[in-house]
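Inspection log for the structure reproduced underneath, given as C-alpha cells.
Values in this text are rule-based calculations from the coordinates and carry no lab data. If you're wondering where the values come from, they're calculated on a predicted model, not measured in any experiment. When we count neighbours, we look across all protein chains shown, and the Cβ atoms used for this are built from the backbone with ideal geometry, even at glycine.
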Amino acid sequence: MHYEVAMRLYGWITFVACTAQLTLALLVIFSNSPRIDASNVQRELSREQRPGTLGPAMPAAPGAEPSSLDAQRLAAEKEALTSALQRAENNRSLAARLLGISRRTLYNKLEAHGLL
C-alpha cells in the first residue's frame, strides 16, 4: 500500500501505530533468539523493500488487475464506495449508513480515492 494513501484513509496516528505493530510482529517472527535486541531492529530496518514484500506497493499499470493484496483491497473499497453512492442516489449520509461507517469516514475515504 502506498503510505500516502494509508495515511489519508486511516489518519497518521493509526498508520504509525499499525506500522509499529507490524514492525514488532516482524521482529518476533524473524528473530533468531528469544530476545529482541538492537541487531534485530537494525536488520529489519535495513531490509531492502522489493515488490511482494512488506513495503511500499508498486503502482499497477493503468487498466491492469491489481496484483498486491493492498491494491486489491483499495480497488474493492473504491468499488464499494461508488456502489453505495449509486444505491443511495448520491445521498452521502445514506451511503455511509449502507456501508456501516460514519459520514466523516465516508468523506475521508472518498477524498482518499479521489471521488470528491
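Expressed in nm to one decimal, what extension gain is obtained for the pair Asn91 and Val16 from 0.36 nm per residue of sequence separation less their Cα-Cα distance?
Working: separation 75, 0.36 × 75 = 27.00 nm, distance 3.26 nm.
Additional length available on full extension: 23.7 nm.
Modelled label-to-label distance, Leu27 and Ala75, 7 Å Cα→beta-carbon offset: nm?
In this crude label model, Leu27 to Ala75 measures out at 3.5 nm.
Using the Karplus curve 6.51 cos²θ - 1.76 cosθ + 1.60 with θ = phi - 60°, what ³J(HN,Hα) values do you get for each residue of segment 72-82, in whole Hz, with x for Gly and Pro?
Per residue, the Karplus-derived 3J(HN,Hα) values read 5, 5, 5, 5, 5, 5, 4, 5, 5, 4, 5 Hz.
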